[in-house]
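Asker: I have a structure I would like to understand better, so I am pasting it below and will then ask my questions one at a time.
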Amino acid sequence: MVPTVDHKLARYDSPIDTQSEPLTDLDPISPTISGKRALSDVGELEGDTLIHGEEELEEDNEATLIDLTGEEISNPKIIKHEDNEYKDYEKDIDDPSYQLEGYRRKGDKLLALHLSQEAVDVFIKIGMRGFEPLMPLTWDPDFDSFPTNLFSRHDDRTYIKAVGNNEFRAMKALRDLVNLGARARDVLISPVARRTPEQVLRQGIQRYIKWSLEDAGLNITKGPDIPNLVVESGDKNVKGAVLEAGIMDQLSRLETRWDDALLIDIVDEKDRLVDNEYLCDPPTMYGIVLTHTVMAFVALVPGQEGLKQIATLDYGDARYDVWNALAAAIYIIHCRNRLMELREVRRVEYGDNYGVVMRKKSEDPDA
């Protein structure tokens with residue numbers, strides 16, 4: 001039976017609350033886990049900003065903060081923006097590495113539930129977004145109400161950034177994401193609103209996706225690149241099973257396209273099929289499901305049946321606007337970065353004609 005979504009303004013104890021009632025029966029993943037992995041392994045995860053030593057964290061930040069919880073702050077450290085509107089969300093964390101270890105344990109559990117490593121990486125990245133730098137220090141003046149520790153002078157520690165040369169567009173895209181929750185809530189109280197909250201959220205998310213692809217020179221419409229992220233939405237009266245079927249259909253079709261792009265037929269000297277192989281491991285497909293003010297991140301893992309739910313966000317509560325925006329930005333940029341990696345894999349094999357499916361490869365490596 002597919003559970004329904006409670007569209008009241010739910011208060012989550014964490015901006016990555018996967019223990020709350022799931023959007024659909026998408027095999028929700030509980031963050032209550034066991035197991036242990038050494039912190040020295042963290043460097044294997046995607047990105048350079050997932051973990052830093054305590055000395056490095058203190059070098060960049062006057063305080064180490066956690067994502068908002070709505071709880072009363074106890075013994076806060078000195079915080080740069082002490083008069084900004086988000087100050088009530090800032091909380092003292094004595095040991096960021098302890099938080100990272102907790103998310104790595106959760107990641108171990110998710111791997112045991114057959115979530116792919118790359119999907120686990122983005123799950124951890126989203127969960128750690130209040131503990132580490134995410135943006136270049138040069139963005140600080142434009143986001144002066146953000147906690148200081150979200151910025152770094154070291155570019156290799158940042159994740160939400162432009163890979164092209166237009167920093168202004170990158171900052172504007174993120175600013176629009178931060179304002180997205182307010183715009184979605186406005187339609188709930190406006191007597192003349194012509195759109196629903198999920199329509200506002202969908203438009204904002206698609207704009208950020210468009211920026212991220214253009215910034216990386218990726219063309220998924222008329223060009224050679226294939227998307228790995230799709231969006232499905234429906235109003236609060238649409239059943240969860242309908243949304244699930246819609247996103248599953250989109251992701252399955254993408255999975256087929258990637259199979260065609262990455263699978264090579266190995267032939268002998270007489271052009272007879274001998275075997276086939278992939279240029280690389282088939283990638284995970286990602287989806288964003290929207291209903292009312294709720295947004296869910298889901299994944300379709302190659303070789304696995306059904307969808308895996310990575311995170312659920314609620315845009316119905318203004319206190320979470322910044323952290324929801326950062327979660328969405330991380331998720332979309334993760335997908336963008338994966339497309340860039342896959343583009344290079346295909347270029348190595350096919351050159352600039354990587355958009356043309358070329359599945360034949362000689363059995364003779366010297367041929």
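Asker: Mind listing the phi-derived Karplus ³J(HN,Hα) values for the stretch 321-331, rounded to whole Hz, using 6.51, -1.76 and 1.60 with θ = phi - 60°, and x for any glycine or proline?
Answerer: 4, 5, 6, 5, 4, 5, 4, 5, 5, 4, 4
Asker: Further question: For Asp225, list long-range residues whose amide hydrogen, built 1.01 Å from N in the peptide plane, is under 5 Å from its own amide hydrogen.
Answerer: Excluding prolines and chain starts, which carry no amide H, the hits are Asn219.
Asker: Counting only residues 5 or more places away or on other chains, whose amide H sits under 5 Å from the amide H of Asn276 once H atoms are built in the peptide plane?
Answerer: Result for Asn276 returns Ile266.
Asker: With the cut-off at 32 Å, tell me which of the pairs Lys106/Lys239; Lys109/Lys239; Lys109/Lys172; Lys125/Lys172 have Cα atoms farther apart than that.
Answerer: Values: Lys106/Lys239 30 Å; Lys109/Lys239 29 Å; Lys109/Lys172 37 Å; Lys125/Lys172 22 Å.
Over 32 Å apart, Cα to Cα: Lys109/Lys172.
Asker: For Val231, what residues show an amide H to amide H distance below 5 Å, using hydrogens built from the backbone and excluding near sequence neighbours?
Answerer: Ile288
Asker: Among Ala170, Thr148, Gln206, whose Cα projects farthest towards the positive end of the dipole of the stretch 144-210, with charges put on the beta-carbon of Lys, Arg (+1) and Asp, Glu (-1)?
Answerer: Comparing the listed Cα positions along the dipole, Gln206 ranks first.
Laboratory data are not the source of any read-out in this text; all were calculated from the coordinates shown. These numbers were taken from a predicted model, which means no experiment stands behind them. All Cβ positions, glycine included, derive from the backbone under ideal geometry; neighbour counts span all protein chains shown.
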